[in-house]
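Down below is the structure, laid out as structure tokens.
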């Protein structure tokens, strides 16, 4: 979609009022051909139907979700813009119905994606003109007896649910329905982050005071009710995501390995290194992950920082320890995420575990 028109929504805050923007964004087929756009599909098992008024409800919700992402990108000084498929007739996000091949029981929370993704692939094989990118948000109609997937998967797919009262008018309500809305709206925005390539990360001490909860920490329980934001590290990674980038991609040239120099003492943690010549790294994002680390859900407490580097690829960064929340021990892991400028928005992960002397 047209980046300029969509950014008109950027003034909407994380706790935006339950009204639509005065000016609706427009899109054209030229925009869709030129730029990758997020696919938004509503996958319907054979024994279920879409919840009533889903096009309006989800269209509004996703419009505001896109505005949240883009306002945060703009606040962080990023030129990136999350592109969503807009229906020119309504100005709302367009939802594509994908018929499932199995009943609801075939799409359980744990491994339901194994059936969902082939169904989506089959649909797009028959309707290739409707596929806008390789990034897809999948929504399924939750019923009392169903437990569909609700997570990000492999930086290509993310899964969320719809239910009958999932409506933007509930946003910010101090009621059971309002709290329920935040749970699923915040959860959808959080899982969308994973689908766009974002890891968990935590606010620094100052960020927490200024902006509230990081979306990719526990923001899935606060968005729409309390101040919630995207960290600078999250925004830096989004710049390379195909459905957010605003630059022409290059053929991928990975780093694979960096020789890091680490200085660790009681006052500071400093890392120095150099990217190899010719690599396609656009951004370096460092996470300071404490105590338990290494698995997908161990980094909720990891503060992230954007590391600058010069024209020759040199970087020299001191972690601001005064901004880092204390861990249970002194052990920590530095995780470097190298966001590339290639067509797939590749993110390389390099880990360095540090266990200071005297730490068990």
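The values are calculated or read from the model by the stated rules, or taken from the named source; none is laboratory data. All values reported here derive from a predicted model rather than from experimental measurement. Counting neighbours? That spans all protein chains shown, and the Cβs are built from the backbone with ideal geometry, glycine included.
Return the only residue of 292, 301 being in a loop (DSSP other than H, G, I, E, B), surrounded by 19 or more Cβ atoms within 10 Å (Cβ to Cβ) and out of contact with any helix residue (DSSP H, G or I) (no Cβ under 9 Å at 6 or more places or on another chain).
301
May I ask you to list the residues in segment 276-293 that are without any contact (Cβ under 8 Å) to a residue 60 or more places away in the chain and touching a strand residue (DSSP E or B) at 6+ places or on another chain (Cβ under 7 Å)?
282, 283, 284, 285, 286, 288, 289, 290 - these are the residues of segment 276-293 that are without any contact (Cβ under 8 Å) to a residue 60 or more places away in the chain and touching a strand residue (DSSP E or B) at 6+ places or on another chain (Cβ under 7 Å).
What do you reckon, is residue 94 over 19 Å from residue 192 (Cβ atoms) and out of contact with any strand residue (DSSP E or B) (no Cβ under 6 Å at 6 or more places or on another chain)?
Taking the combined requirement at face value, the residue does not satisfy it.
Could you list, in sequence order, all residues of segment 255-266 that are closer than 18 Å to residue 282 by Cα and in contact with a strand residue (DSSP E or B) (Cβ under 6 Å, 6 or more places away or on another chain)?
255, 258
Please go through segment 157-175 and give me each residue that is without any contact (Cβ under 8 Å) to a residue 40 or more places away in the chain and either outside the structural domain of residue 38 (by TED's automatic domain parsing) or surrounded by 17 or more Cβ atoms within 10 Å (Cβ to Cβ) (or both), ordered by number.
158, 160, 161
Does segment 141-148 contain any residue that is outside the structural domain of residue 325 (by TED's automatic domain parsing), closer than 14 Å to residue 41 by Cβ and not in a loop (DSSP other than H, G, I, E, B)?
Scanning segment 141-148, I find at least one residue that is outside the structural domain of residue 325 (by TED's automatic domain parsing), closer than 14 Å to residue 41 by Cβ and not in a loop (DSSP other than H, G, I, E, B), so the answer is yes.
Would you check if residue 217 is in the same structural domain as residue 180 (by TED's automatic domain parsing), surrounded by fewer than 24 Cβ atoms within 10 Å (Cβ to Cβ) and touching a strand residue (DSSP E or B) at 6+ places or on another chain (Cβ under 6 Å)?
Answer is yes for this residue.
Restricting to segment 220-267, name every residue that is outside any loop (DSSP other than H, G, I, E, B) and surrounded by fewer than 14 Cβ atoms within 10 Å (Cβ to Cβ).
Residues satisfying the conditions are 261, 262, 263.
If you check residue 114 against the conditions, is it out of contact with any helix residue (DSSP H, G or I) (no Cβ under 7 Å at 6 or more places or on another chain) and at pLDDT 95 or above?
Criteria met by residue 114.
Would it be correct to say that residue 210 is more than 22 Å from residue 350 (Cβ to Cβ), touching a strand residue (DSSP E or B) at 6+ places or on another chain (Cβ under 9 Å), outside any helix (DSSP H, G or I) and modelled with pLDDT of 95 or more?
no
Restricting to segment 58-79, give me the number of residues that are in contact with a helix residue (DSSP H, G or I) (Cβ under 8 Å, 6 or more places away or on another chain) and either in a helix (DSSP H, G or I) or on the phi > 0 side of the Ramachandran plot (or both).
14
Cβ-Cβ under 6 Å, sequence separation 6+ or interchain: first residue in segment 215-238 and free of Cβ contacts under 8 Å to residues at least 40 places away in the same chain, partner surrounded by fewer than 22 Cβ atoms within 10 Å (Cβ to Cβ). Which pairs?
So the pair list comes out as 220/187.
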